[in-house]
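Contents: one structure, followed by commentary.
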Amino acid sequence: MPETAHPALPIEAERWFNTDRPLSLDMFRGKVVVLHAFQMLCPGCVAHAVPQARRLHEIAKSLDDLVVLGIHTVFEHHAAMTPVSLEAFLHEYRLTFPVAVDRPSPNGPIPQTMAAYGFKGTPSTVVIDRRGYVARHSFGPEDDLVLGLLLGNLLSATALSDPSLSGRP
């Protein structure tokens, strides 16, 4: 998917962890959102993306306008990656940010959000600006400095004058 600005697509979640209610990207309009797509059996995810998302979430706790969301998007090894296994994984890796379980596709192994965004695999990172537009869409380990620079630029930009972009409804 090209990195040209276009509206972020909804997260098609079968289930959510680390939140008491289902979430949607529209709830975070006016904030910068980092969506980390991962699989718990993906070596690149475990080595790079998951620790990066955890560190970013720790930073985001002190900011009002940065949100980190995870999406567990399973396109292989379906039998091994059950919700029970994911719950244990989230606990063991101390992941406390909200994590969606990508809704399976009725037509094949690629889950719905993964297909909609055109993820090439995991880890994948999608950065969404305050307006709800994709500012960056990348596959593979994301460099901390590159991500930090982008987030700094997006966070320093003021929200548009539209009151609906000022925060959560």
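Every number in this text was worked out from the coordinates using simple rules, so none of it is lab data. No experiment lies behind these values; they were computed from the predicted model shown. Heads up, the Cβs are rebuilt from the backbone with ideal geometry, glycines too, and the neighbour counts pull from every protein chain shown.
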**OP:** Kindly indicate which of I59, I110, I71 is under 18 Å from H137 (Cβ atoms), of a type in the set (A, V, I, L, M, F, W, C) and without any contact (Cβ under 8 Å) to a residue 40 or more places away in the chain.
**Re:** I110
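A quick yes/no check of all residues on (1) in a loop (DSSP other than H, G, I, E, B); (2) crowded, with 17+ Cβ neighbours inside 10 Å; (3) of a type in the set (K, R):
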| site | (1), (2), (3) |
| --- | --- |
| R94 | yes, no, yes |
| F97 | yes, yes, no |
| S105 | yes, no, no |
| I110 | yes, yes, no |
| T122 | yes, yes, no |
| T125 | no, yes, no |
| H137 | no, yes, no |
| E142 | yes, yes, no |
| L151 | no, yes, no |
Original post:
Considering only region 99-140, how many residues are more than 26 Å from L155 (Cβ to Cβ) and among the polar types (S, T, N, Q)?
Top reply: 3
